[in-house]
Amino acid sequence: MNTTDQKKLVLVWDFPIRVFHWLLVVSFTGAWITSESEAQQMIHYAFGYSAITLVAFRLLWGVVGTRYARFTQFIKKPAETLNYIKLLIAGNKHIGLGHNPAGAIVMISLLGLIILIGLTGYLIVKEFLGDVMSEAHEVLANLTLILIGIHVTGAIIMSFLQKQNLIKSMVTGKKQGFPDQAIKYPMNLAGLLLGIGWAYFFYQVISGALPTLIQ
């Protein structure tokens with residue numbers, strides 16, 4: 001039977017998940033920083049569209065990825081999610097190694113918002129509905145920024161509750177757990193290909209090789 005003193009660092013987050021996470025941070029931050037500059041418009045497009053490709057990958061990986069990457073592992077029914085939140089407020093700790101049901105709500109919302117940001121951005125490029133799309137684009141970006149703040153705050157709070165650095169775990173891929181809770185394969189090649197694919201797509205957009213996306 002497992003006991004607490006048998007816990008050790010085990011691999012939870014595969015390499016593609018970690019690459020996705022940090023490249024999405026880079027993409028959103030880059031798009032935000034360049035959003036008001038006409039001189040950096042192509043860079044803004046490149047970061048924005050790259051974020052969409054990352055979300056597309058995450059949706060795929062949520063179906064075919066490793067154990068803790070799969071949506072079935074952390075997306076629960078509304079009643080289960082509500083019960084989890086009540087238990088968390090009551091002081092109960094989340095004992096699972098993957099995303100918790102409350103965090104899943106934020107994560108799925110972020111993915112949805114990024115898709116909508118990309119869609120409105122594309123419609124702005126195509127001059128569809130003019131100011132309406134511009135306003136929607138800005139509102140969605142601000143909502144995303146708020147959710148990111150909630151996500152980071154939640155990660156910090158849960159780090160204290162679980163007594164382990166959850167932000168660091170998204171770098172190393174490891175958390176404290178039992179050996180049988182670890183994923184078997186880090187999927188390094190898939191993560192490397194994701195990084196290369198992101199860089200290539202970014203370059204294609206910024207170089208103007210994909211004119212339908214920028215004019």
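The values are calculated or read from the model by the stated rules, or taken from the named source; none is laboratory data. These numbers come from a predicted model, not from an experiment. Heads up, the Cβs are rebuilt from the backbone with ideal geometry, glycines too, and the neighbour counts pull from every protein chain shown.
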Exercise. Hey, any hits in the range 140-155 for a residue that's assigned to a loop (DSSP other than H, G, I, E, B) and at pLDDT below 95?
Worked result: no
Problem set entry | Breaking point among (1) within 15 Å of the chain's Cα centre (by Cα); (2) of a type in the set (A, V, I, L, M); (3) farther than 29 Å from Lys175 by Cβ, for Ile114 | (3)
Exercise. Filter the range 178-215 for residues that are within 30 Å of His99 (Cβ to Cβ) and over 23 Å from the mean Cα position of the chain (by Cα); which is surrounded by the fewest Cβ atoms within 10 Å (Cβ to Cβ)?
Worked result: Asp180
Exercise. Would the range 131-150 turn up any residue that is more than 28 Å from Phe201 (Cβ to Cβ) and touching a residue at least 40 places away in the same chain (Cβ under 8 Å)?
Worked result: yes
Exercise. Any idea how many residues of the range 12-42 are in contact (Cβ under 8 Å) with a residue 12 or more places away in the chain and more than 19 Å from the chain's Cα centre (by Cα)?
Worked result: 3
